[in-house]
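The values are calculated or read from the model by the stated rules, or taken from the named source; none is laboratory data. Remember, predicted model here, so these are calculated numbers, not experimental data. Neighbour counts run over all protein chains shown; Cβ positions are idealised from the backbone, glycine included.
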Amino acid sequence: MATDFWRNPSFEPKRQFRFLVQLSLPDSRGGQQDVTFLAKSVDRPSYTISSNPHQFFNHTFYYPGRVTWNTISLTLVDPVTPNASELLYNYLAASGIHIPTDYATATRTTITKASATRASSDLVIQEIATTQGTDVSKIVGEWRLLNSFFTDVNFGSHSYDSEDMVEVSLTVQYDWAEYNKSDRPSPLDPTER
């Protein structure tokens, strides 16, 4: 028998605006800067399973192929401190890219998968929900994107006819994602402070 969620007081849908993105980027001192509070929006992970056709007389049969995890988009606001533009620029150097000011610098190092994934922390998307009948916020699940690195960074734009915040748009590539159900306190819960 199906659950009648219309009469179920414990039913609570996940909401799009209840999330945190855990990510650390390299700072100018060689450390890592947490940019959790800079996230404005993020895509949830998605995957595609390819299909391979096999034709037999007048019929076509399809067989599942490889799983490919699709890139996600992440939008950060760019405050003065911490400066998201500076942190993402530092990501280039931390991942092995250097400005080619001379022959030695131009040929010294290059980006590798190991350096690109090591330059930032794994990206984690935490889903937040409020416990039914209370005002307690909990992390109810989290997506961890493994071996993630940035494939596109757009530092936004300026315009005299806008009062909007400057945003930085990122495209994130990763090998796979893991989802873990959770039931632990959220840093957004005022009762946990």
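Here is how the numbers come out for the structure above:
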{"quantity": "Members of segment 28-79 found to be part of a loop (DSSP other than H, G, I, E, B), surrounded by 10 or more Cβ atoms within 10 Å (Cβ to Cβ) and basic (K, R), listed by number", "calculated": "R44"}
{"quantity": "Condition check for T101: surrounded by fewer than 12 Cβ atoms within 10 Å (Cβ to Cβ) and without any contact (Cβ under 8 Å) to a residue 12 or more places away in the chain", "calculated": "yes"}
{"quantity": "Candidates A94, A106, filtered to the one that is touching a Pro at 6+ places or on another chain (Cβ under 6 Å), of a type in the set (A, V, I, L, M) and within 20 Å of S148 (Cβ to Cβ)", "calculated": "A94"}
{"quantity": "Filter pass, S169 being surrounded by 16 or more Cβ atoms within 10 Å (Cβ to Cβ), modelled with pLDDT of 90 or more and of a type in the set (G, A, S)", "calculated": "no"}
{"quantity": "Tally of residues being farther than 18 Å from V172 by Cβ and either touching a Phe, Trp or Tyr at 6+ places or on another chain (Cβ under 7 Å) or assigned to a strand (DSSP E or B) (or both) across segment 10-27", "calculated": "1"}
{"quantity": "Filter pass, T117 being among the β-branched types (V, I, T), part of a strand (DSSP E or B), in contact with a strand residue (DSSP E or B) (Cβ under 7 Å, 6 or more places away or on another chain) and surrounded by 10 or more Cβ atoms within 10 Å (Cβ to Cβ)", "calculated": "no"}
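Residues checked against (1) in a loop (DSSP other than H, G, I, E, B); (2) at pLDDT 95 or above; (3) not aromatic (F, W, Y):
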residue: S121; (1), (2), (3): yes, no, yes
residue: Q126; (1), (2), (3): no, no, yes
residue: D135; (1), (2), (3): yes, no, yes
residue: V140; (1), (2), (3): no, no, yes
residue: F150; (1), (2), (3): no, no, no
residue: A177; (1), (2), (3): no, yes, yes
residue: R184; (1), (2), (3): no, no, yes
residue: L188; (1), (2), (3): yes, no, yes
residue: T191; (1), (2), (3): no, no, yes
